[in-house]
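The values are calculated or read from the model by the stated rules, or taken from the named source; none is laboratory data. Since this is a predicted model, take the numbers as computed values, not measurements. Positions of Cβ are backbone-derived with ideal geometry, glycine not excepted, and every protein chain shown enters the neighbour counts.
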Protein chains: 2
Amino acid sequence: MHIKKGDIVEKLVNIGILLSQEKNLRKLLNKIVEEVINFTGAEGGSLYIKKGNTLHFMVFKNRILEERVSPDLLKKRIKKSSFEIKGTSIAGACVKRGEIIAIPDMDRVEELGFKYDRRMDKDLGYKTKSLLSIPLKGPQGEIIGVLQIVNLPEGSFEKEELRLARAMASQAAIALSNALLLDELKNAQLDTIYRLSRVAEFKDRETGDHIRRMSLVSKYIASAMKNDPDFIELILYASPMHDIGKVAIPDSILLKPARLTKQEFEIMKTHTKIGAEILKGAETPILKVAYKIALYHHEKYNGTGYPEGLKGYEIPIEARVVAVADVFDALVSKRPYKEPWPLEKTKEFIVSQKGQHFDPVVVEAFIKVYDKIISLYQKPGTLYSNQDLA
Amino acid sequence: MHIKKGDIVEKLVNIGILLSQEKNLRKLLNKIVEEVINFTGAEGGSLYIKKGNTLHFMVFKNRILEERVSPDLLKKRIKKSSFEIKGTSIAGACVKRGEIIAIPDMDRVEELGFKYDRRMDKDLGYKTKSLLSIPLKGPQGEIIGVLQIVNLPEGSFEKEELRLARAMASQAAIALSNALLLDELKNAQLDTIYRLSRVAEFKDRETGDHIRRMSLVSKYIASAMKNDPDFIELILYASPMHDIGKVAIPDSILLKPARLTKQEFEIMKTHTKIGAEILKGAETPILKVAYKIALYHHEKYNGTGYPEGLKGYEIPIEARVVAVADVFDALVSKRPYKEPWPLEKTKEFIVSQKGQHFDPVVVEAFIKVYDKIISLYQKPGTLYSNQDLA
């Protein structure tokens with residue numbers, strides 16, 4: 001490896017810090033392979049994640065190939081695949097043994113008892129000369145993935161060098177297992193929010209589709225407005241709770257299969273304040289945003305909404321986003337008292353309300369991601385068939 | 001520091017792994033200070049966490065003092081305190097400068113412009129000779145805490161040694177910032193679960209106290225049954241959702257201020273199955289346990305409960321725990337149709353149901369933590385005053 005001995009501790013620690021900064025799993029995986037290539041001076045590297053008895057191919061990087069082969073061809077050749085863990089593949093054996101597998105000369109890989117598919121090398125005009133397969137171990141010593149490095153500089157297979165590679169992989173594994181844990185916890189939280197939020201709609205709807213779709217539509221719109229992962233994630237997580245206050249609305253109003261009287265509607269309107277009551281005073285970012293959304297998602301841009309009649313930018317941005325998503329989903333859905341609107345008509349309506357009901361900026365974002373939005377309504381397993389939406 | 005140069009990379013990496021194993025914040029803080037003492041060969045160490053403009057004193061360890069002074073005296077002398085971050089204290093300056101502060105000779109600490117309180121040394125018959133104050137930096141370079149080490153071996157203040165101390169602190173900081181993030185996320189999740197679970201009870205109760213108390217009672221009982229943090233945490237997180245199915249019960253039954261008729265009670269009973277319906281099919285551990293609790297928390301140990309009439313150990317353990325906590329809290333609480341029961345009478349009732357309604361093992365655990373349980377009902381801010389419970 002092409003680093004000075006004296007720098008090694010610093011280098012390793014810095015890689016640890018650098019990797020621990022990245023909480024986004026996808027980005028982290030890329031960063032790990034990049035750093036490993038830099039650290040070892042190898043030509044390329046790849047990373048697999050282990051789930052059960054399967055290895056999932058996650059990242060492929062190769063600085064030689066990236067110079068020589070068009071990204072398109074590279075993409076086509078490198079299929080992100082998964083395969084069963086078997087002792088006959090190098091990565092599989094690495095998992096099974098829980099140890100580094102070092103192959104200084106790939107021409108002799110079969111002599112070591114491994115099967116190796118040379119087709120990709122052939123297709124790309126590349127030669128894999130040497131390979132290092134390193135297990136990534138989670139905190140309890142369990143294997144969470146495999147890091148592979150190809151075409152390493154001379155001397156890389158010395159004992160001391162392999163120790164460094166192992167140390168490097170340790171830093172990567174710590175960051176990776178933390179990111180996986182975080183990811184799991186976030187998924188758990190989102191699932192909990194979806195399920196518990198459905199509760200408010202349990203009486204008047206058949207499925208939780210509205211909540212899920214509406215939070216995804218909100219997310220798509222948000223992502224077209226700001227390239228800020230935190231903003232987008234907060235909207236995704238907080239928007240499902242927008243109607244939570246409906247639990248306090250009497251059945252006679254909530255379930256009425258006809259238009260509400262003026263008086264009934266006044267009671268229905270209180271679901272915004274009741275929702276805010278349930279969510280208020282929390283210290284967590286998600287619940288703080290959920291509070292604003294619950295309270296203000298029925299405000300209108302021109303000031304004619306409720307509960308406070310806020311205008312324009314007085315309405316929190318998260319509520320302005322959710323307002324569009326909520327109305328869109330409500331219109332294209334069937335209700336006891338109405339038929340679903342066709343998608344195109346609904347889009348026209350949303351656009352016609354630009355500057356009236358809705359923030360023009362949000363409507364612009366909605367138009368930008370419209371194709372992505374309607375794909376949610378065309379997937380099997382959602383509430384309505386394509387025909388319903390036609 | 002008393003380690004061989006050749007081992008340093010391995011040592012550092014191993015410390016990183018060791019620390020990343022510990023997800024419990026309190027235990028991690030202790031482990032960090034222990035490992036730092038081992039790594040540096042110092043006599044003692046302490047750790048502060050930064051929150052806003054305050055440093056919170058979290059851990060104190062000193063191997064000399066621990067041999068010489070009784071744990072009681074040590075505990076008395078070392079007050080876990082917090083103080084404002086000021087440049088005149090060593091730890092404060094360490095935060096402000098974001099750099100290691102090295103004081104090889106504490107007799108001359110005032111010459112460096114620091115105030116230093118020697119009273120604790122005097123009280124304990126100890127002499128703080130040298131001190132190293134190291135900032136712990138989060139992934140974005142922000143200071144999250146301070147690590148202090150006292151009475152280091154000779155040579156510890158050489159440039160190379162300080163670099164190692166910094167490297168060690170980096171490993172600690174990565175583990176710490178991950179644990180803090182995890183902690184925050186878990187708190188967020190629990191808060192979300194509490195708030196959204198209240199929804200099922202929003203109509204018929206004034207506050208969310210029942211949900212919170214009942215999940216804490218469940219946790220206390222669980223902790224007396226199994227010394228397994230995962231089991232205890234799952235019960236804490238999943239139990240609030242036990243009555244979520246009540247959202248689907250018509251107002252006329254849910255809010256009836258009198259005893260239910262047999263027919264109404266049959267409808268009321270369906271809240272177990274409806275709750276299970278809402279929670280079923282999830283992949284996350286919390287929701288899996290929540291599913292079991294929602295479905296089975298009205299089963300009775302002798303087989304006379306609902307919905308399935310399961311008996312004894314056929315009832316999932318989590319549901320057997322929650323059954324006791326739920327009945328206990330319901331009895332000592334006021335309801336539109338009943339006065340609160342006195343605590344002692346309620347306890348006697350629970351005990352009398354040992355082997356009938358309740359699992360004997362759970363009742364034993366309930367008795368073990370009874371004092372802890374009733375303290376929940378005697379805190380100001382809970383639903384009932386002590387008098388109500390007398």
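One table, with the values for the structure above:
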item	result
Of all residues making up segment A:99-108, the number that are without any contact (Cβ under 8 Å) to a residue 60 or more places away in the chain and over 11 Å from A:T128 (Cα atoms)	3
Filtered residue count, segment B:119-153, keeping only those that are assigned to a loop (DSSP other than H, G, I, E, B) and modelled with pLDDT under 90	5
All positions within segment A:144-161 that are in contact (Cβ under 8 Å) with a residue 60 or more places away in the chain and within 14 Å of chain B (Cβ to nearest Cβ)	A:I144, A:E161
Flag for A:S20 being among the hydroxyl-bearing types (S, T, Y) and within 14 Å of another protein chain (Cβ to nearest Cβ)	yes
Test: A:F366 is over 13 Å from A:S218 (Cα atoms) and modelled with pLDDT of 95 or more	no
Residues of segment B:346-367 that turn out to be over 15 Å from B:V332 (Cβ atoms) and assigned to a helix (DSSP H, G or I), as a count	8
In segment A:335-372, the residues that are out of contact with any Phe, Trp or Tyr (no Cβ under 7 Å at 6 or more places or on another chain) and closer than 21 Å to A:P240 by Cα	A:R335, A:V362, A:V363, A:A365, A:F366, A:Y370
Any hit, segment A:35-44, residues being surrounded by 15 or more Cβ atoms within 10 Å (Cβ to Cβ), within 14 Å of chain B (Cβ to nearest Cβ) and touching a residue at least 12 places away in the same chain (Cβ under 8 Å)	yes
Residue count, segment A:223-252 (criterion: surrounded by 20 or more Cβ atoms within 10 Å (Cβ to Cβ), over 25 Å from the mean Cα position of the chain (by Cα) and not in a loop (DSSP other than H, G, I, E, B))	3
Verdict on B:R195 being in a helix (DSSP H, G or I) and within 14 Å of chain A (Cβ to nearest Cβ)	yes
Search result, residues across segment B:254-268 that are surrounded by 15 or more Cβ atoms within 10 Å (Cβ to Cβ) and more than 10 Å from chain A (Cβ to nearest Cβ)	B:K256, B:L260, B:E264, B:I267, B:M268
Any hit, segment B:276-294, residues being among the hydroxyl-bearing types (S, T, Y), over 23 Å from B:F358 (Cβ atoms) and assigned to a loop (DSSP other than H, G, I, E, B)	yes
Residue in segment A:44-59 that is closer than 28 Å to A:K115 by Cα and more than 24 Å from the chain's Cα centre (by Cα) present	yes
Top-ranked residue of segment B:9-20 - restricted to ones that are surrounded by 18 or more Cβ atoms within 10 Å (Cβ to Cβ) and either out of contact with any Ser or Thr (no Cβ under 8 Å at 6 or more places or on another chain) or of a type in the set (K, R) (or both), ranked as modelled with the lowest pLDDT	B:V9
Only one of B:L164, B:L182, B:L190 that is surrounded by fewer than 20 Cβ atoms within 10 Å (Cβ to Cβ), at the interface with chain A (Cβ under 8 Å from one of its Cβ atoms), touching a residue at least 12 places away in the same chain (Cβ under 8 Å) and in a helix (DSSP H, G or I)	B:L182
Residues of segment B:21-43 classified as over 18 Å from the mean Cα position of the chain (by Cα) and assigned to a helix (DSSP H, G or I), total	9
Scan of segment B:75-86 for residues that are more than 24 Å from the chain's Cα centre (by Cα) and surrounded by fewer than 19 Cβ atoms within 10 Å (Cβ to Cβ), ordered by number	B:R77, B:E84, B:K86
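This table checks each residue for (1) free of Cβ contacts under 8 Å to residues at least 40 places away in the same chain; (2) surrounded by 20 or more Cβ atoms within 10 Å (Cβ to Cβ); (3) within 14 Å of chain B (Cβ to nearest Cβ); (4) touching a Cys at 6+ places or on another chain (Cβ under 6 Å).
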| residue | (1), (2), (3), (4) |
| --- | --- |
| A:I278 | yes, yes, yes, no |
| A:G305 | no, yes, no, no |
| A:F328 | no, yes, no, no |
| A:S333 | no, yes, no, no |
| A:P340 | no, no, no, no |
